[in-house]
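What follows is one structure encoded as structure tokens, with my remarks underneath.
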Amino acid sequence: MDIHEYQAKEVLSNFGVAIPSGALAYSPEQAAYRARELGGDKWIVKAQVHAGGRGKAGGVKLCNSENEIHTACDEMFGRKLVTHQTGPEGKGIYRVYVESAVPIDREIYLGFVLDRTSQRVMIVASSEGGMEIEEISAERPDSIVRSIVEPAVGLQEFQAREVAFNLGLEPRLVQQMVRTLQGCYAAFNELDATMVEINPLVVTGDDRVLALDAKMSFDDNALFRHPHISELRDKSQEDPRESRAADRGLSYVGLEGNIGCIVNGAGLAMATMDTIKLAGGEPANFLDIGGGASPERVAKAFRLVLSDKNVQAVLVNIFAGINRCDWVAEGVVQALRDLEIDIPVIVRLAGTNVEEGQKILAKSGLPIIRATTLMEAAERAVGAWRNDLIQNTKVRAV
Ligand code: ADP
Ligand code: MG
């Protein structure tokens, strides 16, 4: 799960990371009022969306008066901000963060990520802040400082100092940097984060080290341990199809094609999508019903997959181990009856109780296209979708 910049800043500041003063607003009037409360004469108005690259896309504006704040907010509220991280559909702006503008001397990149090779939390930092890390690693790879944290002892002071010195920080700033690094690490570790990114971390004209931007992502499977984090979830920033699935305990990933996929297990989902592509089609999504799926769960999965209007055929691919093919078949039949589905449905079942499953499908009298291998299923799905397409075009042409 991702959270907003202002939320990440609040979380990190509770762990001792210094941030500029700022406040949240839900309307232009409130933003101007917040600026007055903050004081000063220069503010930054920042669109709160779950994506980076806002600055270049017009989502971060420097304002010198309350009037300018009004204008900046009018251009943001209710709009979709399209940055290189949002995809072409963009993300809705419903909140802005008003922050005191600070005089910047230096911009540093600072990230905490999970390094799979060492199976440790890794600090990634660069003296070239402000740029995206992908750009830094392409253009200035020599500027990147990496440091792996040993979980048994946590981030040691000497190690944090070493990172600070490797970034070329002046000795008088090192202590503030150590505090920032240790705060980020503690937040990452204690809150089961998967990513903390501060870009830029700045040194101000008056020698303060401040986080000007902050991003945090959390491990969904650990959210139950952190209710104060899970309540920061903002569904307006998520793909509505994915959040509806998450609410029902199903994992769903939305894609761009027209063949909906209902599968069990992430590995099988990947294989199913690859095979659809190999057969000349494009998956519209995949929905993982997990192990031990009841007929009701399968029917729910259908409802979700079909709520995507791009879906023109559904491929059910189940390899039952813990699952039972007869239950899945019952779910398919139930869904087809209840939902009066008028697009081709292709079912491939294998594993536990496969014979019973096939019988249920056959007895139902429903126009279910059955397949025995994955390749056959994918070819039939693509074929059925194409046929459907031709027939529909003909009808329209008449
Ligand atoms: P994004 O990464 O989404 O573009 P940032 O929060 O990093 O958004 O803001 C973009 C740029 O705006 C920063 O690199 C920084 O130069 C400037 N900026 C952001 N906040 C402030 C601030 N409080 N004072 C001065 N400049 C700021
Ligand atoms: Mg940034």
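The values are calculated or read from the model by the stated rules, or taken from the named source; none is laboratory data. This one's a predicted model, so the numbers in the text were calculated from it and none came from an experiment. Using ideal geometry, Cβ is built from the backbone for each residue, glycine included, and neighbour counts are taken over all protein chains shown. What goes into the accessible areas is simple: the full protein's heavy atoms, side chains included, and nothing from ligands, DNA or RNA. Shrake-Rupley method; radii C 1.70, N 1.55, O 1.52, S 1.80 Å.
Farthest towards the positive end of the charge dipole of segment 240-397, among the residues A293, A320, L336, is the Cα of L336, using unit charges on the Cβ of Lys, Arg, Asp and Glu.
Rounded to the nearest 20, the size of the Cβ-charge dipole of segment 149-271 about its Cα centre is 160 debye, with Lys and Arg at +1 and Asp and Glu at -1. The residues of the chain expose on average 47 square angstrom of accessible surface per residue, using a 1.4 Å probe on protein heavy atoms. A straight Cα-to-Cα reach below 18 Å connects K300 with the lysines K309, residues fewer than 8 places away in its own chain not being considered. Summed over qualifying helices (DSSP H, 4 residues or more, each -39500 (n - 2.57)) and divided by its residue number, the chain shows a 222 nm mean residue ellipticity of -12000 deg cm²/dmol. Stretching the chain fully between K309 and R244 yields a gain of 21.9 nm (0.36 nm per residue, less the alpha carbon separation). Take every pair of alpha-carbon atoms less than 8 Å apart whose residues are at least six positions apart; their mean separation over the length of segment 240-397 yields a relative contact order of 23 percent. Counting 0.36 nm for each residue step from N387 to Y33 and taking away their Cα separation leaves a gain of 121.5 nm. In order along segment 84-98, the phi-based Karplus estimate (6.51 cos²θ - 1.76 cosθ + 1.60, θ = phi - 60°) of 3J(HN,Hα) comes to 5, 9, 8, x, x, 7, x, 10, x, 9, 10, 9, 10, 10, 9 Hz; Gly and Pro are listed as x. Computed from label points 7 Å out along Cα-Cβ, the spacing between S13 and H226 is 1.8 nm.
Treating each Cα of the chain as one equal point scatterer and applying the Debye formula with no solvent, the log10 of I(q)/I(0) at q = 0.06, 0.10 Å⁻¹ comes out as -0.34, -0.80. Simple rule: put +1 on each Lys or Arg Cβ and -1 on each Asp or Glu Cβ in the chain, find the dipole, and look at G87, L210, V163; the Cα lying farthest toward the positive end is G87.
Once the Cα atoms are used to define both axes, helix 354-363 deviates from the longest principal axis of the chain by about 60 degrees. Each Lys and Arg adds +1 at its Cβ and each Asp and Glu adds -1 at its Cβ; summed about the Cα centre, the chain shows a dipole of about 1060 debye.
K42 contributes about 100 Å² of solvent-accessible surface, heavy atoms of the protein only, 1.4 Å probe.
Computed from point charges on the beta carbon alone (+1 for Lys and Arg, -1 for Asp and Glu), the dipole magnitude for segment 240-397 about its Cα centre is near 240 Debye. What residue among V203, V253, V17 shows peak mean-square fluctuation when the chain is described by a Gaussian network model with Cα springs under 10 Å? Evaluated over the chain, the most mobile residue of the options is V253.
Would you mind calculating the relative contact order of the chain from Cα pairs under 8 angstrom and at least 6 residues apart, reporting the percent as a whole number?
12 percent
Here V153 sits with roughly 90 square angstrom of accessible surface, probe radius 1.4 Å.
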